[in-house]
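Okay, so here's the structure we're looking at.
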Amino acid sequence: MKRPEMPPSSEALVGEAIQRAPTMTERTVAAAHRALAGERRKLPAILAFAGPAVIASIAYMDPGNFATNIQAGAKYGYELLWVVVLANAIAMLFQGLSAKLGIVTGKNLAELCRAQFARPVVWAMWVVSEIAAMATDLAEFLGGAIGLSLLFHMPLLGGMVVTAIITYGLLSFDAYGFRPTELIIAAIVGVIGLCYLAEMFIAPIDWSAAAFHAVTPQLADGEALLLAVGVIGATVMPHAIYLHSGLTQARVPLRIDSERRKVLRYSNREVVIALSVAGLINMAMVMMASSAFHAGHPEVAQIETAYHTLTPLLGGAAAGLFLLSLIASGISASTVGTMAGQMIMQGFVGFRIPVWLRRLITMAPAFVVVALGTDATQALVISQVVLSIALPLPMISLIVFTSRADIMGVFVNGKLTRAVAILATVVVLALNVVLIVQGF
């Protein structure tokens, strides 16, 4: 009679774990703990903690940015560059606060909202956040599809299908821990950055005008206001504020406040670096559109038109780089948007749904837009305005939680941080109110 197989002993399991080579994620966590113990040099220590802000930064380079920045540069030249600078400064502040919340509390923003607010408020915030997630996915999914359809001369619907397949492939790396996803997203950020660095050498930029308008606020008319709100909606993203707290909440287990303080220093440096890169890329988008289109083609407003117009104006290389960066942006941002959507869903309502179902729900609006024959670029711009209107909810919640000593302990916001955060929120709210009044 065959003897039944016995389960492996604990000693055998430990031996197997020792013999198995550590994963990339395990090596990163081990390096982080060595850094916290003072055993690593400065650069390796920074790299061990880098990743969350890089992933969040993709939200600031998504196809919605392409759409609003092209329109802003083509119609108003360099005049709206100051909006990009302002939006990026606000983004740095709130992404830093979001990362801080996750590091200090071990919870993400959506989870704290569910724990601290009344049930009706939680459900209302969840609904608004879901609408914002759909608007986000509309921009990201459509952007990747537009790029693929232009590059390979396929129908827009075919580009959407390819974007969905590639997105699922990138999401599958999550099974190997957080590090592979961080490195893939970092590589894509590098591709986008290199594309626009090359564009700056191709396009005839008026650097003095760009420098002047980057620090001189002005709005020429009502349409400029609409684009300004769209730029802010495309830059400071609700789902990125939720996501960053989740990316830092359990990345490296922390035991004491001195460790949290060290990780916060690393996190703040990464936020500044990653979002500075994102801000420079956004400024490059506006400057490229301004130098290429403003003087002779101010009517350029669609991504497709921008691509076809770039070829005779700046050559095929400029048009090709533009498409490559758009595809990279759409695919990576769609991946990050799905991660954020799952985190928002789980945090607010307390349960998970399969990623494929989440993807199906959030991609539905994009398919509806295509089926109705709606102008894709205009849909992208409108989606960014929707995001800007939804933005105050996570901003206000983040200020409330990070300013409460019972939640943050010794890491509670100082008076200056709280005042600047409130001022930034008031600016966003004021722009939204003016937009709504103008609409009526």
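The values are calculated or read from the model by the stated rules, or taken from the named source; none is laboratory data. All values reported here derive from a predicted model rather than from experimental measurement. All Cβ positions, glycine included, derive from the backbone under ideal geometry; neighbour counts span all protein chains shown.
Filtered by the rule that a residue be at pLDDT below 75, small (Gly, Ala, Ser) and crowded, with 16+ Cβ neighbours inside 10 Å, segment 300-330 gives a lone residue, 301. For residue 166, the conditions (1) at pLDDT 85 or above; (2) under 25 Å from residue 360 (Cα atoms); (3) in contact with a Ser or Thr (Cβ under 6 Å, 6 or more places away or on another chain) are fulfilled apart from (3).
Residue by residue, here is whether (1) touching a Lys or Arg at 6+ places or on another chain (Cβ under 7 Å); (2) among the aromatic types (Phe, Trp, Tyr); (3) not in a helix (DSSP H, G or I) holds:
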position	(1), (2), (3)
260	no, no, no
264	yes, no, no
268	no, no, no
284	no, no, no
289	no, no, no
296	no, no, yes
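Applying the criterion of being of a type outside the set (S, T, N, Q) and surrounded by fewer than 24 Cβ atoms within 10 Å (Cβ to Cβ) to the residues of segment 286-299, the residue that is farthest from residue 150 (Cα to Cα) is 295.
In summary, helices (runs of 4 or more DSSP H) completely within segment 338-440 and bearing 1 or more residues that are modelled with pLDDT of 85 or more occur at 392-402, 405-408, 415-439. For segment 165-200, a tally of residues being in contact with a Pro (Cβ under 7 Å, 6 or more places away or on another chain) and touching a residue at least 60 places away in the same chain (Cβ under 8 Å) returns 0.
Only one of the listed residues (67, 124, 132) is at pLDDT 85 or above and of a type in the set (Gly, Ala, Ser). That residue is 124.
Considering (1) touching a residue at least 60 places away in the same chain (Cβ under 8 Å); (2) surrounded by fewer than 19 Cβ atoms within 10 Å (Cβ to Cβ), the lone condition that residue 132 does not fulfil carries the number (2).
For segment 85-97, the condition of being over 18 Å from the mean Cα position of the chain (by Cα) and either in a helix (DSSP H, G or I) or farther than 30 Å from residue 261 by Cβ (or both) holds for none of the residues. The set of residues in segment 173-201 that are over 30 Å from residue 310 (Cα atoms) and more than 19 Å from the chain's Cα centre (by Cα) comprises 175, 176, 177. Residue-level check: of (1) more than 27 Å from residue 318 (Cα to Cα); (2) surrounded by fewer than 16 Cβ atoms within 10 Å (Cβ to Cβ), residue 240 misses just (2).
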